[in-house]
Structure formats: C-alpha cells, structure tokens
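This report refers to the structure that appears directly beneath it.
The values are calculated or read from the model by the stated rules, or taken from the named source; none is laboratory data. Keep in mind it's a predicted model, so treat the numbers as computed, not measured. Ideal geometry is used to build each Cβ from the backbone, glycine not excepted, and the neighbour counts take in all protein chains shown.
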Amino acid sequence: MVGTTMVEGQGTRVGFYATTCRRAESIVRATVQSHFTSDSSIAPGLLRMHFHDCFVNGCDASTNGLSWPVPTGRRDGRVSLASDASNLPGFTDSVDVQKQKFAAFGLNTLDLVTLVGGHTIGTTACQFFRYRLYNFTTTGNGADPSINPAFVSQLQTLCPQNGDGSRRIALDTGSQNRFDSSFFANLRSGRGILESDQKLWTDATTRTFVQRLAGFTFGPQFGRSMVKMSNIGVKTGTNGEIRRVCSAIN
Ligand code: HEM
C-alpha cells in the first residue's frame, strides 16, 4: 500500500526496485495521489481490494484485473459479496471465527481489530445491515440491541424498511473521509454499521483493543498491521510473473 513503511526481511521492502525501476515507488504514489485528488472514493476501493487480494491467494494481485468484472472483483475496486465465501471473513462470522481466519495468515487479534479499522473510510449498502434495524428482536424497538437507540432512528431514516437497498451509507459515521480513530470511538458508543464491526466491541476479547485504538492515532499501528497483511504469500525470486498487461496473465 502506498504510504506504508515496508520492513526489511519480510518479503517486501522500500527500495526493492532501486536498481531495476528507480522511480517505481514515487510513480505509484504520485499516480494514486492524482487519482485520489480527482475522486477520493478510489481510496476505500483500493484498500478493500488489497485486503481481499491478500486473503484469497496471498498478496499477488490475482484478484485484480483477471476476474474483472466478475466474479470476484469489480472495476470500481469494490469486491462483490459473492467473493466473501471460502476463507475470506464474511460478515456473518463470529469474532472467534474471524480471529481464526486471521491467525491462519499469521495475523493476531490486534492486527484483526486494527485492520478492520480500515472501515474508517468507505461505505456499505443499506441491504447489508438493514436487518439490524427492523424485526431483529421481537421486543424493544425491534433493532439489534447492540446499536445505540438514538442511532437506530437515524439509521432507519437513512435506510427505510422498504427503501432502496443499494443506497450507500458511511461505515464511520461523521468521519467517512478522514483516516482517524473515530471508527473505534463509534463502536464504543454503539454506532457501528456492520454487525461484524459492532461485535468487536461486544466481544470481550476484542473490546480492549477497540478501547485502546479509540484512544490514540491508530495510523502507526495500522501501518504495522498493513505491512504484515501485505506480506501474506508474497511471491519472491522466480515465482509468479510480472504482467506485461496488468489485467491479463502473460
Ligand atoms: C474481518 C473482516 C472484515 C469484514 C467481515 C468486512 C466486511 C465488509 C463489508 C460487508 C463491507 C461492505 C461492502 C459493500 O457494501 O460493498 C466492507 C467494506 C469495506 N471494507 Fe471491510 N471487512 C473486513 C475487513 C476489512 C479489512 C481488513 C480492510 C482493509 C484493511 C477492509 C476495508 C474495507 C473498506 C475500505 C470498505 C469500504 C469499501 C467501499 O467503500 O467501497 N475491510 N467490509
């Protein structure tokens, strides 16, 4: 990911292309930055695509391009829910199952909670969380009791029961365009949008991490966990191939 610090000896490192393509990193950075300037929504798309890529077959870009536009990736960088099958953490997983899936890639509970903090930017559609707002329970206001009651009515206004399910809502209410720790503060106050996000606060084993990450700039920890994730199954030496055309194998 552009902007993170690559650690020596972990498979990837800053300066790897110093002799073969001297300006590689600055070209990537400048290109992403210029696209971001004209359309900031590419950031969440890229971030999510990177996560899905790493969890499918190691971080080798295999989900990028080859399968566009279906079934696993879309040109806009969003990954369809169909691809959340198999070993990808699906949003119906319990925290325990998510922890197991991350552990299988050498990522610990702090990494899991930190990386889900990627939801500090980006959006989801009403259809993926509306079930939490209506008839989730037969008592009370019918909503998932882990949602802050005042927030339930706000969400019901944004996502009416029979309204447009494709309407997109920020995952980090009030701070969707800032890469900050307010996502965690929102979980702490029952303002998580996805059930899987809110569970990080409900579950005692992840709550302490949410509490910690809500309290300070989580950027440095996010960088460390991203580097760990970005090194999953990285191809080295003569493994794999460098594509001549990004969207096709040679
Ligand atoms: C435990 C695991 C995770 C689950 C269950 C999960 C689930 C989801 C779901 C259901 C969405 C909404 C998709 C949509 O409506 O199109 C989403 C969006 C997103 N996820 Fe995750 N996610 C997880 C981990 C991560 C990680 C590790 C990252 C990055 C480090 C990430 C980054 C994003 C971003 C940036 C978006 C917004 C995409 C957009 O606006 O287009 N997620 N995630």
#### Entry: Cβ-Cβ under 6 Å pairs, at least 6 apart or on other chains, region 118-146 side surrounded by fewer than 17 Cβ atoms within 10 Å (Cβ to Cβ), far side at pLDDT 95 or above and of a type in the set (Ser, Thr, Tyr)
125/166; 142/134; 146/202
### Query
So residue 96 fits all but one of (1) modelled with pLDDT of 85 or more; (2) surrounded by 21 or more Cβ atoms within 10 Å (Cβ to Cβ); what number is the exception?
(2)
### Query
Which one is modelled with the lowest pLDDT, of the residues in region 34-60 that are of a type in the set (D, E, K, R) and either under 15 Å from residue 119 (Cα atoms) or part of a loop (DSSP other than H, G, I, E, B) (or both)?
60
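For region 30-47, which residues satisfy the criterion of being in contact with a helix residue (DSSP H, G or I) (Cβ under 7 Å, 6 or more places away or on another chain) and touching a residue at least 24 places away in the same chain (Cβ under 8 Å)? Quick ask: steps written out before the conclusion?
Filtering region 30-47 down to residues in contact with a helix residue (DSSP H, G or I) (Cβ under 7 Å, 6 or more places away or on another chain) leaves 35-36, 42-43, 47.
Within region 30-47, 42, 43, 47 qualify.
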### Task
Please work out which one of (1) modelled with pLDDT of 95 or more; (2) among the aromatic types (Phe, Trp, Tyr); (3) surrounded by fewer than 16 Cβ atoms within 10 Å (Cβ to Cβ) is the condition residue 222 fails and give its number.
(3)
### Message
So, in region 114-129, exactly how many residues are part of a helix (DSSP H, G or I) and within 6 Å of the ligand (Cβ to nearest atom)?
### Response
5
